[in-house]
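Have a look at the structure below before the remarks.
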């Protein structure tokens, strides 16, 4: 019976082409987050390779670099470690106009500014057959560079991890708290319902961002604390929704039969009630996911979210929003578009799931 219901839901969802596009986009973002360091042109940790000489360049900018290798460098990173944390740079990248091999050294035109170059000479390994390929690298910055000369595309790709991780963990926290409190409130009623409903009303009355500010001011700033702060402020809507659903379900005949048979309240809630409110819970999770991404971006923009040099879309906007009124508005617009597209995709998917599951109930 459950399989037929799932098939019916999937068939309804498939008829919504816009929702399918949103679903494919979300899975693409998840794959991008998982393999960010493989896809990013700059796969150093947080894509934090700073090169001030090429700061605020337009999308499509290309440049040659001389690779000044670090002495006695040893990389012991495994593939898994690289996939999670990126690679440690084995060389300093120096932007150049051109390079010429002269004996056991290379003479390069160091790119200082659009109209300024300086001649530099670096020693090279004379045993290398083709030193030009070994020491000179050409890189194209498809989305340009930020004010620190970092690759915008790489930071955008790696920033996907922060947004999706915040959404995922915050949704888990909010769903767990909301479902448990909402179901207990509705099922036990009486004093339990009054106490939980009072708590819901108090939390609901406080603006979300203000509550997050209060939590972060007590717990401090940081990568993990932002997950907790966002998750603990988003459970109220889920609790209200689940409370309404459980209040109607607990009066059904099969719940009364379970009580008559002597089943414990916890067993009835976990095995007979909660499986029947999974539809509304999934819809609420999709909505909360989008909200969590927006909250994280807002907190990072205000400086109390993830801290530099971690790559975050909100932090990228904060670092580059001054360029909106100059000739480099894309530095702030690009991460803004990324936030908008992910939030829109989750909202579209949430609405489509609501229609496909035909979710009804009183909050």
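Tabulated values for the structure
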item: Test for residue 275: is it surrounded by fewer than 20 Cβ atoms within 10 Å (Cβ to Cβ), touching a helix residue (DSSP H, G or I) at 6+ places or on another chain (Cβ under 9 Å), assigned to a loop (DSSP other than H, G, I, E, B) and assigned by TED's automatic domain parsing to the domain that holds residue 223; result: no
item: Flag for residue 285 being over 25 Å from residue 340 (Cα atoms) and in contact (Cβ under 8 Å) with a residue 60 or more places away in the chain; result: no
item: The lone exception for residue 354 - which of (1) in a loop (DSSP other than H, G, I, E, B); (2) more than 27 Å from residue 86 (Cα to Cα) it fails; result: (1)
item: Top-ranked residue in the stretch 109-146 [being in contact (Cβ under 8 Å) with a residue 40 or more places away in the chain and in a loop (DSSP other than H, G, I, E, B); ranked as surrounded by the most Cβ atoms within 10 Å (Cβ to Cβ)]; result: 146
item: The listed residue being buried (at least 21 other Cβ atoms within 10 Å of the Cβ), farther than 30 Å from residue 277 by Cβ, in contact (Cβ under 8 Å) with a residue 60 or more places away in the chain and touching a helix residue (DSSP H, G or I) at 6+ places or on another chain (Cβ under 8 Å), out of 167, 149, 159; result: 159
item: Residue under evaluation residue 284, criteria (1) in contact with a helix residue (DSSP H, G or I) (Cβ under 8 Å, 6 or more places away or on another chain); (2) closer than 13 Å to residue 357 by Cβ; (3) surrounded by fewer than 20 Cβ atoms within 10 Å (Cβ to Cβ), criterion not met; result: (3)
item: Matching entry among 349, 353, 299 (being at pLDDT 90 or above and closer than 26 Å to residue 30 by Cβ); result: 349
item: Condition check for residue 311: in the same structural domain as residue 230 (by TED's automatic domain parsing), under 24 Å from residue 172 (Cα atoms) and in contact (Cβ under 8 Å) with a residue 24 or more places away in the chain; result: yes
item: Boolean, residue 267 is in contact (Cβ under 8 Å) with a residue 40 or more places away in the chain and over 30 Å from residue 160 (Cβ atoms); result: no
item: Residue match in the stretch 351-358 (condition: touching a helix residue (DSSP H, G or I) at 6+ places or on another chain (Cβ under 6 Å) and surrounded by fewer than 20 Cβ atoms within 10 Å (Cβ to Cβ)); result: yes
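The values are calculated or read from the model by the stated rules, or taken from the named source; none is laboratory data. Everything quoted here is computed from the prediction, not taken from an experiment. Every residue, glycine as well, gets a Cβ built from its backbone with ideal geometry; the counts of neighbours run over all protein chains shown.
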